[in-house]
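Following: one structure in structure tokens, then a few remarks.
Laboratory data are not the source of any read-out in this text; all were calculated from the coordinates shown. Since the structure is predicted, the reported quantities are computational estimates derived from the model, not experimental observations. FYI the Cβ positions are ideal-geometry reconstructions off the backbone, even for glycines, and counts take in every protein chain you see.
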């Protein structure tokens with residue numbers, strides 16, 4: 001795994017502040033992410049883990065501070081300027097965020113068309129390729145209503161990887177899934193990391209999964225990243241709140257801010 005002494009970060013948050021009305025999410029949030037690593041963001045409900053992901057691709061704007069992605073300042077960037085960022089950084093949303101009126105193929109083609117991937121033949125080929133990667137060959141004509149929860153997640157993942165991103169953001173990828181599908185999705189995260197050599201940023205409460213695939217752990221606590229380190233460093237840390245998570249605790253804050 002890259003370290004600060006090996007290479008500069010590809011994503012950097014510096015002194016980020018974010019609030020929704022009177023509720024302060026971050027008052028001084030800083031984090032560096034390096035190419036090729038899998039970093040897992042954990043934290044109690046209400047700490048704004050999903051907010052971090054959404055700010056990286058401009059779906060939410062920070063109130064202050066700096067968010068740089070591949071050297072581009074994302075904070076305040078107008079929508080046209082975000083397209084190159086979203087080409088390199090794709091997101092699997094918590095509920096997969098599929099368009100219910102579109103088929104599986106049409107859902108996957110949506111970002112491909114947005115990024116001018118190619119003609120219809122090339123789009124069909126790419127849809128077939130990514131569905132094969134996520135274990136859903138031949139599902140192009142199905143509608144989201146015909147899919148199980150696990151299948152919807154995998155179609156969402158197929159759509160995320162279709163544009164060949166450098167970074168994949170996973171927002172609670174296994175929430176609401178049965179144990180079989182949890183293992184399947186976790187296995188996909190690992191296999192895509194190995195096959196595509198992408199950088200992965202995962203928001204999850206599943207500590208078993210976290211210790212299965214992560215290189216580093218970042219703990220959001222008291223409106224900032226209170227701990228960032230490797231699995232070994234996390235286990236050895238004297239941060240009591242972090243140890244609660246490792247032991248299976250889930251925190252006691254309010255409903256998650258997304």
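Okay, here's what the table says:
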| read-out | value |
| --- | --- |
| Principal-axis tilt of helix 149-161 within the chain, Cα atoms, nearest 10 degrees | 90 |
| Rg and Dmax of the chain, Cα atoms only, in Å | 18.0, 56 |
| Nearest-ten-degree value, helix 104-114 long axis tilted from longest Cα axis of the chain | 70 |
| Residue-span extension gain [residue 101 to residue 63] - 0.36 nm each, minus C-alpha spacing | 10.2 nm |
| For 127, 228, order by how many other beta-carbon atoms lie within 10 Å, fewest first | 228, 127 |
| Efficiency of FRET from Cβ geometry, residue 222 and residue 115, R₀ 35 Å, rounded to 0.05 | 0.35 |
| Hydrodynamic radius of segment 8-60 per Kirkwood, over alpha carbon pairs, in Å | 12.1 |
| Rounded, prolate or oblate (a/c below 1.5 giving rounded, otherwise prolate when a/b exceeds b/c) for segment 114-173 by Cα gyration tensor | oblate |
| In degrees, nearest ten, helix 179-196 long axis to first principal axis of the chain (Cα) | 90 |
| Euclidean distance of C-alpha centroids, segment 82-140 and segment 2-59, integer Å | 26 |
| Anisotropy class of segment 111-211 from Cα gyration tensor, a/c 1.5 cut | oblate |
| Cα gyration tensor, segment 1-101 - rounded (a/c under 1.5), prolate or oblate | rounded |
